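The block underneath contains the structure these notes are about, expressed in structure tokens.
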Amino acid sequence: MAALLAVGGALCWGVGDFFGGLASRRTAVLTVLALSQAIGLAGILVWVVVADDAFPGVVELLPAAAAGLAGAIGLGALYRGLAVGAMGIVAPISAAAPIVPLVVDAARGDVPGALQWLGICLVLAGIVALSREPASESQRRLAAGAALAVVAALGFGLFFVGIDAGADESASWAVVAARVASTTFAVAAALALRTSLRAPAAVLPMIAAVGIFDTGANIFVAAATTHGTVGIVAVLSALYPVVTVVLAWIVLGERLSPAKRVGGVVALVGAALVAAG
């Protein structure tokens, strides 16, 4: 059950991130983030009413709220990275997020096995291959959006840890707490930086799709953490770049060099090994 839910989260995140990157190429990142988070919050409130879970308490939901803040920062970095760089490079780099919860699991005594360690090494090797591109014969530079993708990975990793802790009492309320925190942060940041919260009419359907799919992913992942370890859930749900890259290839016609294709495959194979371990 945990694996199926995590893969469902990966599918939703992959589609949502594609639309998020696309919308961020046409309007401000903070506009996309704030509006999509607000749309998602409305959907989550419907879910919590249907779930009819008892309110676990404010203190119990603090980790989930922290997860929402980390996730919002990660999404902002990811959408900006997808807007300025190739989706086929940025999305796979952000898939390094599971390393954070895996470290937390190890600190709790759930140490990864040899196969999982091999997978982690492959993920890191793939990230290095994806994040570098030639600038000249004598030097290399970071690919556009690579640094933002690393920030996104860290934010998503912390999101997994926080949502796992908050979902112990109630998965539905944990997602509500996370989304309230992320929406508040995104709107406050937009207002502080004087970013308009009005998006062009042509971009609104994309933003709505971001909110819907991102919300679905959060629900799937929160539920998955109640059935399995957060590290494994994080790895499986981190396969979302496959969806984003395929959509970028089909819709935008993006092409990657052979070396970067190999890097992407290596990173995803590493993620699969972590899950299998």
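Each value in this text was obtained by applying a stated rule to the coordinates, not by laboratory testing. Values in this document were obtained by computation on a predicted structure and should not be read as measured data.
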At least 15 Å along the helix axis (C-alpha) and Kyte average at least 1.0, DSSP helices within the chain: 2-24, 29-51, 58-84, 114-131, 146-166, 171-192, 204-225, 258-276
Estimated translational D of region 1-74 in µm²/s (Stokes, Kirkwood radius over Cα pairs; 20 °C; 1.002 mPa s): 148
Extension reserve of the Val265-Arg25 stretch, reckoned as 0.36 nm per residue once the Cα distance is removed: 83.8 nm
Taking all pairs of distinct alpha-carbon atoms in the chain, Kirkwood radius in angstrom: 18.4
Percent of Cα-Cα distances greater than 28 Å, calculated over region 139-277: 31
Helix-only CD estimate at 222 nm, as mean residue ellipticity for the chain, using -39500 (n - 2.57) per DSSP H run (n ≥ 4): -25500 deg cm²/dmol
